[in-house]
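Below is one structure, written out as structure tokens; comments come after it.
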Ligand SMILES: [Zn+2]
């Protein structure tokens, strides 16, 4: 399974859980727990998907730390911008 497929699957699961949570509400605290858990995982997986500066898709190598920028250029600009804004 690729990362994109995983994200898609998580989005479908999240949507289904929201629907179930809305329908069942008090009767199903498990559903709400699952919903939050999926949303959390989705955020974690999804946020590492995009370059923090330009937002283009990242390809993770799976080695070392997850990449946050698509290129050295973006990383340099992001650090420079951070310095300027303090
Ligand atoms: Zn970038």
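Since every read-out is calculated from the coordinates, none of them should be taken as a lab result. As the structure is a prediction and not an experimental result, all values here were calculated from the model. Reconstructed Cβ throughout: ideal geometry from the backbone, glycine too, with neighbour counts over all protein chains shown.
Miscellaneous remarks
- Separation in nanometres of the label points that stand 7 Å from Cα toward Cβ, at residue 52 and residue 9: 2.8 nm
- Panel order for 76, 67, 82, by other beta carbons found within 10 Å of each beta carbon, from fewest to most: 82, 76, 67.
- Förster radius 25 Å - calculated FRET efficiency between residue 78 and residue 39, Cβ distance, rounded to 0.05: 0.45
- Square roots of five times the Cα gyration tensor eigenvalues for the chain, Å: 34, 15, 9
- 0 to 90° range, to nearest 10: angle between helix 72-85 axis and the chain longest Cα axis: 90 degrees
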